[in-house]
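Written below as structure tokens is the structure these notes are about.
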């Protein structure tokens, strides 16, 4: 089993992914700027195999998932470029803004958060995934089925395959689906704003499902 590190893992998305990946049998390191907060979060998740540590500790894992808020994305990755060398880095950061009209996608100079990550981490293999899975559903111990898909984007076929398999294992009933190269990640990241609008209007936790797949 791969050891999974989660950068910024004390937030809702990081906690939820840590829970589901640990339930799938992967040792998970929840990373944070505060080791104490990470340890408290790992204990609160309450699933065997989840531990807390610094973001540097999380970066030492076999595969690393980035769940930090976008405003801290570039600086954190730049600080961890060396320990992330040679690794698959899964970026699920959504650059979003909010105003009186609701959520909207932010313009990113590199095109998307995932492309920004690949520029900052030229010696890592960046894959974009897990943007649309509700953190509320991930954390809910009463939910054991996810009839939705994880859109997975990347340049490296083998790395994309690893993440597709990881998504299927973490989300029983769900699937990882190849959705193109990193140049298309801005559309996937931006779609999160639409899903938040759906959730607010219909008081739900909507996901994405691709039809007509075998």
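Values in this text are rule-based calculations from the coordinates and carry no lab data. The structure displayed is predicted, hence computed values, not measured ones. Virtual Cβ from ideal backbone geometry, glycine too; neighbours counted across all protein chains shown.
Report note on the peptides 139-152, 121-134: ranked by the mean count of other C-beta atoms within 10 Å, highest first, their order is 121-134, 139-152. Summary value for segment 1-86: 34 percent relative contact order, contacts being C-alpha pairs under 8 angstrom separated by 6+ residues.
When every Cα-Cα distance of segment 172-212 is counted in 5 angstrom steps from zero, the calculated P(r) takes the values 5, 18, 22, 24, 21, 8, 1 percent. Most mobile of 183, 175, 200 per a Gaussian network model of the chain (Cα springs, under 10 Å)? Maximum among the listed residues: 200.
Residues considered: 193, 107, 60. Largest GNM mean-square fluctuation over the chain, using C-alpha springs under 10 Å, is found at 107.
Counting every other Cβ atom within 10 Å of each residue's Cβ, 33, 157 order from fewest to most as 157, 33. Evaluating kT/(6 pi eta Rh) at 10 °C and 1.306 mPa s, with the Kirkwood radius of the chain over Cα pairs in the Stokes-Einstein relation, gives 94 µm² s⁻¹. Here, segment 1-110 has an Rg and a Dmax of 14.1, 45 Å when only alpha carbons are counted.
What is the extension gain from residue 158 to residue 109, computed as 0.36 nm multiplied by their sequence separation minus the C-alpha to C-alpha distance, in nm to one decimal? It would help to have the intermediate numbers written out before the result.
On the way: separation 49, 0.36 × 49 = 17.64 nm, distance 2.75 nm.
The residue 158-residue 109 span can extend by a further 14.9 nm.
Please express the shape of segment 128-214 as an equivalent ellipsoid: the semi-axes are the square roots of 5 times the eigenvalues of the C-alpha gyration tensor, given largest first in whole angstrom.
On the way: eigenvalues 92, 55, 22 Å².
After scaling each eigenvalue by five and taking roots: 21, 17, 11 Å.
DSSP assigns beta bridges within segment 4-202; of those with both partners inside it, close to 20 percent run antiparallel.
Can you put 85, 3, 41 in order, fewest other beta carbons within 10 Å first? Can you show the working numbers first?
Numbers: 85 12, 3 17, 41 22.
Fewest-to-most Cβ neighbours within 10 Å comes out as 85, 3, 41.
Estimated from helical segments only, the mean residue ellipticity of the chain at 222 nm is -11000 deg cm²/dmol, where each DSSP H run of four or more residues counts as -39500 (n - 2.57).
Only Cα pairs under 8 Å and at least 6 apart count here; give the relative contact order of segment 56-139 as a rounded whole percent. Each step should come with its number before you reach the end.
Numbers: 117 pairs, mean separation 26.4, N = 84.
Dividing the mean separation by the residue count of segment 56-139 yields 31 percent.
Counted over segment 91-214, the DSSP beta bridges are approximately 55% antiparallel. Separation of segment 140-214 from segment 27-70 is 22 Å, based on Cα centroids. Across the chain, Cα pairs under 8 Å and at least six residues apart give a relative contact order of 18 percent.
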